Amino acid sequence: MLQEAEKYRAEDESNKAKIEAKNGLENYCFTMRNTLQEEKLKEKFEDGDKEKIEKAVQDALDWLDKNQLAEKDEFEAKQKELEGIVNPIMMKVYQAAGGGGMPEGGMPGGGAAPGGGAGPTVEEVD
């Protein structure tokens, strides 16, 4: 019985990793779609860049629809491919918007890292 539990545990962990990778790709796609709609960024895109991202995101979503049973590595590779298209464009957009680059992790819309940024210092609080 213990052997059977171990067998299923490994299988469950594998399935969990696959689902997390799939969800990660899907979330990235929808986050990018929402980012493209942000008012402060709309006029910062150079000719064709916004359309290039929209097409890449739609292609990734279409791929997801057709490959629901893909493996973890395939989902991760697809996300890396999408990030390879999106990240360089978004870096330019955020720089043009005065943001100085994308937030850590390549995900737009993120805030300052905990412990950093423009928060109060210890001296200011005392």
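Here are the numbers for this structure:
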| read-out | value |
| --- | --- |
| Diffusion constant of the range 1-60 at 37 °C, which comes from Stokes-Einstein with the Kirkwood Cα-pair radius and 0.692 mPa s, µm²/s | 230 µm²/s |
| The range 1-96, relative contact order [Cα under 8 Å, separation at least 6], % | 40 percent |
| FRET efficiency, LYS42 to ASN87 (Cβ-Cβ, R0 25 Å, nearest 0.05) | 0.85 |
| Distance in nm between pseudo-label sites at ASP65 and MET1 (7 Å out along the Cβ direction from Cα) | 4.7 nm |
| As computed over the range 23-102, the Cα convex hull volume per residue (Å³) | 77 Å³ |
| The range 54-68 - phi-based ³J(HN,Hα) in whole Hz, Karplus 6.51/-1.76/1.60, Gly and Pro as x | 4, 5, 5, 5, 5, 4, 5, 5, 4, 4, 4, 4, 8, 10, 4 |
| Across LYS52/LYS80; LYS16/LYS92; LYS22/LYS42; LYS16/LYS50, pairs whose alpha-carbon gap is larger than 24 Å | LYS16/LYS92; LYS22/LYS42; LYS16/LYS50 |
| Derived scalar couplings ³J(HN,Hα) [the range 4-18; Karplus, 6.51 cos²θ - 1.76 cosθ + 1.60; whole Hz; x for Gly, Pro] | 5, 5, 4, 4, 5, 4, 4, 5, 5, 5, 5, 5, 4, 4, 5 |
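Since every read-out is calculated from the coordinates, none of them should be taken as a lab result. None of the values given here were measured: they were computed from a predicted structure. Neighbour counts run over all protein chains shown; Cβ positions are idealised from the backbone, glycine included.
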